[in-house]
Amino acid sequence: MAQNFASPAEARAMLDKAAVFLKENGPEDAARVFMDKGGPFRDRDLYVSMFRADDGVRLAHAYPRMVGRSVKDSFDANGLPYGKILLDTAVEKGSGSLDYKILNPMTGEPMDKTGFVRKVGGFILVVGAYR
């Protein structure tokens, strides 16, 4: 099953690509393209989550039901407020990463994941890889 999951290096590469895309195309086009199921920002379990830096409200996510919700309300399987930590990391440092445990929708089981985060203007991008 592990070969079905993308690597942390692939997640970082997608984050780099997404940051360039956001800078070149703006947040509205970026959000639309990030959410396109058949688009260039979907690869196995990888996808781009985008939210505003000022309030943490999601503008793009692999699961449309998450759009409009604050990332500050996201907790992992152990109660870690991973959304707030990722937001704060990006706002304070510009980029970083965080390890947490979250339900993998592909397997239905909690799994370890590393989220890579970057601030681009007034927006935050996250791409994570299961470990």
- prompt: What's the lysine pair count for the chain at a Cα cut-off below 22 Å, pairs eight or more apart or interchain?
  reply: 20
statement: Of the candidate values (i) 47, 31, 21; (ii) 50, 26, 19; (iii) 36, 30, 26, the one computed for Cα extents along the principal axes in Å from this structure is (iii)
task: Divide by every residue of the chain the summed helix terms, -39500 (n - 2.57) for each DSSP H run of at least 4, and state the resulting mean residue ellipticity at 222 nm, rounded to the nearest 500 deg cm²/dmol.
output: -10000 deg cm²/dmol
task: Go through segment 26-33 residue by residue and turn each phi into a ³J(HN,Hα) via Karplus (6.51, -1.76, 1.60, θ = phi - 60°); whole Hz please, and just put x for glycine and proline.
output: x, x, 5, 5, 4, 4, 4, 5
query: Which FRET efficiency value, to the nearest 0.05, do you get for ASP54 and ASP112 by plugging their Cβ-Cβ distance into 1/(1 + (r/R0)^6) with R0 = 25 Å?
result: 0.25
message: How would LYS119, LYS101, LYS93, LYS113 line up from fewest to most surrounding beta-carbon atoms within 10 angstrom?
response: LYS93, LYS101, LYS119, LYS113
field: Simple Cβ-charge dipole of segment 4-131, Lys/Arg +1 and Asp/Glu -1, about Cα centre, in debye nearest 20
entry: 60
task: Report the local net charge at MET66: Lys and Arg +1, Asp and Glu -1, summed over other residues whose C-beta lies under 11 Å from its C-beta.
output: +2
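Coordinate-derived values only; no laboratory data. This is a predicted model, so every value here is computed, not measured. All Cβ positions, glycine included, derive from the backbone under ideal geometry; neighbour counts span all protein chains shown.
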